[in-house]
Amino acid sequence: MAKPILYDQSSESFQAILRELGQPSFRLNQLEEGLYQHRYMSFGEFSTLPKSLLGALDERFTLFPLIKEKAITSRDKQTEKFLFKLQDDNFIETVLMHYEGRHTVCISTQVGCPMGCVFCATGQMGYTRNLTAGEILSQIIYCMRRLAEDGKDLTNVVYMGMGEPFLNYEEVMNSIARLTDQKGLNFGARRITISTVGILPRVCQFTEAKSQVNLALSLHAPNDALRSKLVPSNEFYPLLSLIEASKKYTDYTHRRVLIEYALIDGVNDTIAHADELATLLRGMLCLVNLIALNPSQDGGLKGSPREKVEAFRDRLMKRGIQTTIRLKRGIEINAGCGQLATIQKGK
Ligand code: SAH
Ligand code: SF4
């Protein structure tokens, strides 16, 4: 049996553990400082705690739950992908992207994903399990430490790696609480984005939490018939219900929603589709983020050529919808959107 993870424990549970070990209460601060300010990844790094306490903690807990199995850097050095082994021998991937003055980590929330979107490599590998808040945070901590080696700071966190964050709502929200807490990683909520395929009840719950975390909705089609073919969950949570929920998010938070739309050659990329999308999004405070579909295992679907992507953008803009084209990143190392997949245990 794997030991519980230290980065999964709350302040309350630390207090209880320290009490049980007969430690004075100031140790709590030292322990939390070590985890969240110094971002320690091994017990040996704690210099302020007595050896006996570290030994007792080591016996009961795993400090850092990720083992780096592999790191690959793209040719232009702008994208790094890490393959991490978890305590139960499952694997996840995390991507660190460097832009001019900006460093963004794309984190995973599940091992695999049960949603089965036809264009997504993660979706095709099936679902194994949810990650814990500590496993989610550890991906961020690893990348913060990696950047610190070069004197750089992490500027953005996107929950856009493997898995559907809103199917792991509690652990994802716990990870965000610790990420944004002043005594945690003290990271600004507005620099965090959660991307969802649209799990309606959770979108509503997230809205009601009135968090300043950004919401991204993966749309990919302007009508239900087409979206249901690409994104099976659309059968349960159809487009209009998601658009309504997104508008409510903006009402509550005054923040715009990011609409993600992967352009698939000959499938969802015509001017008529752009018009239909513009009509659907009318009156919504949003930014459409277009990306030509990245190649995944399924050879059947191809990304739209550049001219079509630009024409789609121009049409949306003409119809008054703010639109950007997403920079392609890390494609040759399979670190682009929807390309994250690992071989599952036993397969
Ligand atoms: N499950 C969440 C977050 C992870 S997927 C979601 O679906 O939103 C992150 C983003 O990558 C989503 O917008 C998803 O639709 C997109 N994506 C998946 N496969 C892709 C591909 N092959 N090319 C481009 N984007 C892809
Ligand atoms: Fe899961 Fe998102 Fe991939 Fe769909 S696109 S299969 S929801 S990770």
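The values are calculated or read from the model by the stated rules, or taken from the named source; none is laboratory data. Nothing here was measured: the structure is a model prediction, and the numbers come from that model. Glycine also receives a Cβ, built like all others from the backbone with ideal geometry; neighbour counts cover every protein chain displayed. Surface areas here come from the heavy atoms of the whole protein model, side chains and all, with no ligands, DNA or RNA. Shrake-Rupley method; radii C 1.70, N 1.55, O 1.52, S 1.80 Å.
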Residue match in segment 265-285 (condition: more than 10 Å from ligand 1 (Cβ to nearest atom) and within 20 Å of residue 115 (Cβ to Cβ)): yes
Contacts under 7 angstrom Cβ, first residue in segment 326-339 being within 16 Å of residue 163 (Cα to Cα), partner within 11 Å of ligand 1 (Cβ to nearest atom) and of a type in the set (A, V, I, L, M, F, W, C), 6 or more apart: 335/95; 337/160; 337/291; 338/119; 338/120; 338/121; 339/121
Residue match in segment 38-46 (condition: in contact with a strand residue (DSSP E or B) (Cβ under 7 Å, 6 or more places away or on another chain), free of Cβ contacts under 8 Å to residues at least 24 places away in the same chain and not charged (D, E, K, R)): no
Filter pass, residue 105 being surrounded by 15 or more Cβ atoms within 10 Å (Cβ to Cβ), farther than 30 Å from residue 266 by Cα and touching a strand residue (DSSP E or B) at 6+ places or on another chain (Cβ under 8 Å): yes
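Rundown of residues vs (1) over 30 Å from residue 89 (Cβ atoms); (2) under 24 Å from the mean Cα position of the chain (by Cα); (3) open to solvent by less than 20 Å² (accessible area, probe 1.4 Å), yes/no style:
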| site | (1), (2), (3) |
| --- | --- |
| 275 | yes, no, no |
| 279 | yes, no, no |
| 285 | yes, yes, no |
| 290 | yes, yes, yes |
| 312 | yes, no, yes |
| 328 | yes, yes, no |
| 338 | no, yes, no |
Those residues of segment 17-48 which are under 19 Å from residue 59 (Cβ atoms), open to solvent by 50 Å² or more (accessible area, probe 1.4 Å) and basic (Lys, Arg), in sequence order: 19
Residues that are surrounded by fewer than 23 Cβ atoms within 10 Å (Cβ to Cβ) and either within 16 Å of ligand 1 (Cβ to nearest atom) or at pLDDT below 95 (or both), drawn from segment 129-139: 129, 130
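Of the residues that make up segment 236-251, is at least one among the polar types (S, T, N, Q), more than 14 Å from ligand 1 (Cβ to nearest atom), more than 14 Å from residue 117 (Cα to Cα) and open to solvent by 10 Å² or more (accessible area, probe 1.4 Å)?
Here is the first cut: in segment 236-251, the residues among the polar types (S, T, N, Q) are 241, 246, 250.
Adding the requirement that they be more than 14 Å from ligand 1 (Cβ to nearest atom) leaves 241, 250.
Checking the rest, the ones that are also more than 14 Å from residue 117 (Cα to Cα) come to 241, 250.
Still in the running and open to solvent by 10 Å² or more (accessible area, probe 1.4 Å): 241, 250.
Looking for residues that are among the polar types (S, T, N, Q), more than 14 Å from ligand 1 (Cβ to nearest atom), more than 14 Å from residue 117 (Cα to Cα) and open to solvent by 10 Å² or more (accessible area, probe 1.4 Å), one finds at least one in segment 236-251, hence yes.
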Residues of segment 232-255 satisfying the condition of being in contact (Cβ under 8 Å) with a residue 40 or more places away in the chain and of a type in the set (Lys, Arg): 248, 255
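Which one is farthest from ligand 2 (Cβ to nearest atom) among residues in segment 152-182 that are open to solvent by 60 Å² or more (accessible area, probe 1.4 Å) and part of a loop (DSSP other than H, G, I, E, B)?
182
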Test for residue 185: is it of a type in the set (A, V, I, L, M, F, W, C), in contact with a Phe, Trp or Tyr (Cβ under 7 Å, 6 or more places away or on another chain) and away from ligand 2 (no atom under 13 Å from the Cβ): yes
Which numbered condition residue 121 fails, given (1) at pLDDT 95 or above; (2) open to solvent by less than 10 Å² (accessible area, probe 1.4 Å); (3) aliphatic (A, V, I, L, M); (4) closer than 26 Å to residue 221 by Cα: (1)
Residue in segment 88-95 that is under 23 Å from the mean Cα position of the chain (by Cα), closer than 30 Å to residue 336 by Cβ, surrounded by fewer than 21 Cβ atoms within 10 Å (Cβ to Cβ) and without any contact (Cβ under 8 Å) to a residue 24 or more places away in the chain present: no
